[in-house]
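The values are calculated or read from the model by the stated rules, or taken from the named source; none is laboratory data. The structure presented is a predicted model; accordingly, all values stated were derived computationally and were not measured. All Cβ positions, glycine included, derive from the backbone under ideal geometry; neighbour counts span all protein chains shown. For accessibility, only protein heavy atoms count, side chains too; no ligands or nucleic acids. Shrake-Rupley method; radii C 1.70, N 1.55, O 1.52, S 1.80 Å.
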Amino acid sequence: MSDIVEKDTVTTVHYTGTFPNGEVFDSSEGDSPLAFLVGHGNMIAGFEKEMMGATVGEKREFTLTPDDAYGQRDEDAVQQMDRSQFPEGMELEVGMTMGAHSEQGPIQFSVSAIDGDEVTIDFNHQMAGKTLCFSVEVVEIRPATAEEVTHGHAHGPGGHHH
Ligand code: ZN
């Protein structure tokens, strides 16, 4: 048995994420807790670092700067496109996210502004540049199976299903 959150455990948590102004951006409250394999990049690095060594039932609250979360915004990742470059008939709306293919693989971007035929798109992660506050309670900790470690993610309830 693993008693603490450490690499190669599957840790199950209830969590609430808020911005510094108190606005909730994500929460498992009222939903199933989240299970994740620790030490395999399933969670943002700062989140795992803050949870290392926690025990079942322990609650931790912490604040992550953008560098410990989704990174700083890159203004070069904001581009102007013409509406005609999007598929015909596609409804464009500010705030919508879309996927595209690049040489580096699939990427996501969001529409940040529409001015006539000029569409501003943003390849930054939507959480880039943001300071994130988390309140986390550890629900369960178990050793990962060899298969989970090989796959690099948690299986079973709250985890990744195959
Ligand atoms: Zn798997």
Legend entry - Meets criteria (out of contact with any Phe, Trp or Tyr (no Cβ under 7 Å at 6 or more places or on another chain), within 16 Å of the ligand (Cβ to nearest atom), open to solvent by less than 60 Å² (accessible area, probe 1.4 Å) and of a type outside the set (Gly, Ala, Ser)) for Val138: no
Legend entry - Search result, residues across the stretch 45-65 that are of a type in the set (A, V, I, L, M) and touching a residue at least 60 places away in the same chain (Cβ under 8 Å): Met51, Ala54, Val56, Leu64
Inset, instruction - Among the residues of the stretch 1-31, write down those that are among the polar types (S, T, N, Q), part of a loop (DSSP other than H, G, I, E, B) and within 22 Å of Cys133 (Cβ to Cβ). - result: Asn21, Ser28
Inset, instruction - Report the residue count in the stretch 81-121 for those that are assigned to a strand (DSSP E or B) and open to solvent by less than 70 Å² (accessible area, probe 1.4 Å). - result: 18
Inset, instruction - Could you list all residues from the stretch 41-67 that are in contact with a Leu (Cβ under 9 Å, 6 or more places away or on another chain), open to solvent by less than 60 Å² (accessible area, probe 1.4 Å) and part of a helix (DSSP H, G or I)? - result: Gly46, Phe47, Pro66
Legend entry - Selection status of Ala146, at pLDDT 95 or above, within 16 Å of the ligand (Cβ to nearest atom) and either surrounded by fewer than 16 Cβ atoms within 10 Å (Cβ to Cβ) or assigned by TED's automatic domain parsing to the domain that holds Thr18 (or both): yes
Legend entry - Neighbours by Cβ (under 6 Å, 6+ apart or cross-chain): first from the stretch 142-159, of a type in the set (A, V, I, L, M, F, W, C) and in a helix (DSSP H, G or I); second more than 10 Å from the ligand (Cβ to nearest atom) and modelled with pLDDT of 95 or more: Val149/Asp8
